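Worksheet: the structure to be examined is printed underneath.
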Amino acid sequence: MNGALFATWVARVPAVKDAIGAGTGALGLALLGLAAGSLLTMPLAGRWCDRFGSGRVVVVSGIATAVMLQGPAHASSPVTLGLALAAYGAVFGALDVAMNVQAVAVVRRLARPVMPSFHAAFSVGGLAGALLGAGAAGVGLSPAVHFCLVTMAAITTVWRVRPHLLATVPAVAPDGRRVATPRSRRLRLLLAGLGAMAGCAAVGEGGMADWTALYLRDVRDTGAGVAALGFAAFSIAMTIGRLGGERAIARLGPSLVLRSGGLAAAAGIVAAVVVPSPVAALLGFALVGLGFSCAFPLALTIAGESGSGEGGAEIATVSVIGYLGFLAGPPLIGLLAEVAGLHLALLAIAAAGVGLAALAGVVPRADEDDRPHTGAPAHAEVA
């Protein structure tokens, strides 16, 4: 559901851009709102999950995310679009943290590295939202009507899944206060490294989400319907990578999966920029999705299992650091596009892929004594 909501916005970026008369630079600055709003609430969401249980936070933030999708459709200027995206990002960020706390609880119960499969569900939603967005753009449906229909479907979805969420609550002292465990220096460094790794993936994912449609329409001269397929190609490949992530991690270990994925993502975006063809661009975007597919879920899994309790605070920490990639990536691409053109600006995503490959070494090996347990087989290099 969350993936479909996000892709609904992404697929209609060109229409909203034209409606408010914004250039690429102004649009890039407006996009800061989404990441900024997320960063404000993510640390709080970890505390809310620890206090109220992540299930409750999922329900409240899920409904709020669906409602706040309406804001961008009614924006009248880059300023109002930025404010609308900040409101949407605030509830989106809270939902993101709460969902991942739920997922880590399931990983612990299953004792298997299934987190990429949960993130594949986000990508499936992204694919559905992108395809519906392409259809809506193709038939000339306004973003306001389109978003309203999606909002109603999303609220219904949240309410129907509500009874099936796990009750996740922290350990509490006899007086009812939450038991806090001090973080060691090693844990702080691990969370920082995981956050940087997630940030590289977020630069790629945010760049693909916000700029693929405009790249295909304005640089490769495609129609609006084809342009919306850019994020769809990315989402399909990311879904495939995440669905196969459990097996790949168990067989190869997370370090090799992350290193090869980062290099593949870099190669994909270079191919999309260098080869002057819409088909090559779509294939390149797909390779980017495959390369970045397991990075964020692995970082959050390791973070959630690295501390005590349900892992809400640790997941929030890595999410905040990682979402700096969403904060910096899309606006940076927009500003670079003003100077060098969008085709060259997208090469910033290649740099993120190389960075992910370099940071893969922060993942602790399975033979380290104080590793948390992801449930992977003993031969896997998993923390």
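Conditions first: (1) farther than 18 Å from G353 by Cα; (2) surrounded by 19 or more Cβ atoms within 10 Å (Cβ to Cβ); (3) hydroxyl-bearing (S, T, Y). S235 passes all but one, so which condition is the exception?
The single condition S235 does not satisfy is (1).
Considering each residue of the range 44-77, count those that are surrounded by fewer than 17 Cβ atoms within 10 Å (Cβ to Cβ) and under 18 Å from the mean Cα position of the chain (by Cα), and give that number.
Number satisfying all stated conditions: 0.
Go through (1) within 18 Å of V161 (Cβ to Cβ); (2) crowded, with 24+ Cβ neighbours inside 10 Å; (3) touching a Leu at 6+ places or on another chain (Cβ under 7 Å); (4) not β-branched (V, I, T) for L34 and report which single condition fails.
Every condition holds for L34 apart from (1).
Here are some residues: G33, G21, G28. Which one is touching an Asp or Glu at 6+ places or on another chain (Cβ under 9 Å) and closer than 28 Å to A136 by Cα?
Numbers: G33 fails: touching an Asp or Glu at 6+ places or on another chain (Cβ under 9 Å); G21 fails: touching an Asp or Glu at 6+ places or on another chain (Cβ under 9 Å).
Result: G28 is the single residue among G33, G21, G28 that is touching an Asp or Glu at 6+ places or on another chain (Cβ under 9 Å) and closer than 28 Å to A136 by Cα.
Could you count how many residues in the range 81-137 are of a type in the set (G, A, S) and more than 20 Å from T317 (Cα to Cα)? I'd like the intermediate steps shown before the answer.
Taking the range 81-137 and keeping what is of a type in the set (G, A, S), we get 82, 84, 86-87, 89-90, 93-94, 98, 103, 105, 111, 117, 120-121, 123, 125-126, 128-130, 133-137.
The next check asks that each one be more than 20 Å from T317 (Cα to Cα); those that pass are 82, 84, 87, 111, 117, 120-121, 123, 125-126, 128-130, 133-137.
The number of residues fulfilling the criteria is 18.
Residue check: is G37 in contact with a Ser or Thr (Cβ under 9 Å, 6 or more places away or on another chain), part of a helix (DSSP H, G or I) and in contact (Cβ under 8 Å) with a residue 12 or more places away in the chain? Walk me through it before giving the result.
Numbers: in contact with a Ser or Thr (Cβ under 9 Å, 6 or more places away or on another chain): no; part of a helix (DSSP H, G or I): yes; in contact (Cβ under 8 Å) with a residue 12 or more places away in the chain: yes.
Spelling it out, it is not the case that G37 is in contact with a Ser or Thr (Cβ under 9 Å, 6 or more places away or on another chain), part of a helix (DSSP H, G or I) and in contact (Cβ under 8 Å) with a residue 12 or more places away in the chain.
Residues of the range 95-114 being hydrophobic (A, V, I, L, M, F, W, C) and either assigned to a helix (DSSP H, G or I) or surrounded by 24 or more Cβ atoms within 10 Å (Cβ to Cβ) (or both), which ones? If you could, list the steps in order and put the result at the bottom.
Here is the first cut: in the range 95-114, the ones hydrophobic (A, V, I, L, M, F, W, C) are 95, 97-99, 101, 103-107, 110-111, 114.
If the condition is that a residue be hydrophobic (A, V, I, L, M, F, W, C) and either assigned to a helix (DSSP H, G or I) or surrounded by 24 or more Cβ atoms within 10 Å (Cβ to Cβ) (or both), then L95, V97, A98, M99, V101, A103, V104, A105, V106, V107, L110 are the ones that fit.
Okay, residues lined up against (1) over 12 Å from the mean Cα position of the chain (by Cα); (2) among the acidic types (D, E); (3) part of a loop (DSSP other than H, G, I, E, B); (4) under 23 Å from V354 (Cβ atoms):
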residue: L283; (1), (2), (3), (4): yes, no, no, yes
residue: L300; (1), (2), (3), (4): no, no, no, yes
residue: E305; (1), (2), (3), (4): yes, yes, no, no
residue: L332; (1), (2), (3), (4): yes, no, no, yes
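Quick one: is L332 in contact with a helix residue (DSSP H, G or I) (Cβ under 9 Å, 6 or more places away or on another chain) and within 23 Å of L127 (Cβ to Cβ)? Give the steps one after another, and end with the answer.
Numbers: in contact with a helix residue (DSSP H, G or I) (Cβ under 9 Å, 6 or more places away or on another chain): yes; within 23 Å of L127 (Cβ to Cβ): no.
So L332 does not fit the description; no.
Considering only the range 11-27, state which residues are aliphatic (A, V, I, L, M) and farther than 16 Å from T222 by Cα. Quick ask: steps written out before the conclusion?
At the first step, the residues of the range 11-27 found to be aliphatic (A, V, I, L, M) are 11, 13, 15-16, 19-20, 22, 26-27.
Of everything in the range 11-27, those that are aliphatic (A, V, I, L, M) and farther than 16 Å from T222 by Cα turn out to be V16, A19, I20, A22, A26, L27.
Which residues, taken from the range 302-323, are modelled with pLDDT of 80 or more and not acidic (D, E)?
Initially, the range 302-323 is screened for residues modelled with pLDDT of 80 or more, giving 302-303, 314-322.
Listed by number, the residues that qualify are I302, A303, I315, A316, T317, V318, S319, V320, I321, G322.
For the range 261-286, name all the residues that are surrounded by fewer than 24 Cβ atoms within 10 Å (Cβ to Cβ) and under 25 Å from H119 (Cα atoms). Can you show your working first?
Taking the range 261-286 and keeping what is surrounded by fewer than 24 Cβ atoms within 10 Å (Cβ to Cβ), we get 263-264, 267, 270-271, 273-280, 282-283, 286.
Matches in the range 261-286: L263, A264, A267, L282, L283, A286.
Pairs, please: C-beta under 6 Å, at least 6 apart or cross-chain, first residue within 16 Å of G135 (Cβ to Cβ) and in the range 231-248, second crowded, with 24+ Cβ neighbours inside 10 Å and among the hydroxyl-bearing types (S, T, Y)?
Sorted first by the residue in the range 231-248, then by its partner, the pairs are F231/T212; S235/S123.
Given the criterion touching a Ser or Thr at 6+ places or on another chain (Cβ under 6 Å) and part of a helix (DSSP H, G or I), identify the matching residue among A15, A7, A66.
Numbers: A15 fails: touching a Ser or Thr at 6+ places or on another chain (Cβ under 6 Å); A7 fails: touching a Ser or Thr at 6+ places or on another chain (Cβ under 6 Å).
When all the criteria are applied, what remains is A66.
Please go through (1) touching a residue at least 40 places away in the same chain (Cβ under 8 Å); (2) in a helix (DSSP H, G or I); (3) farther than 16 Å from W211 by Cβ for S61 and return the number of the only condition it doesn't satisfy.
(1)
The values are calculated or read from the model by the stated rules, or taken from the named source; none is laboratory data. Not measured: the values here are computed from a predicted model. As a convention, Cβ positions derive from the backbone with ideal geometry for all residues, glycine included, and neighbour counts pool all protein chains shown.
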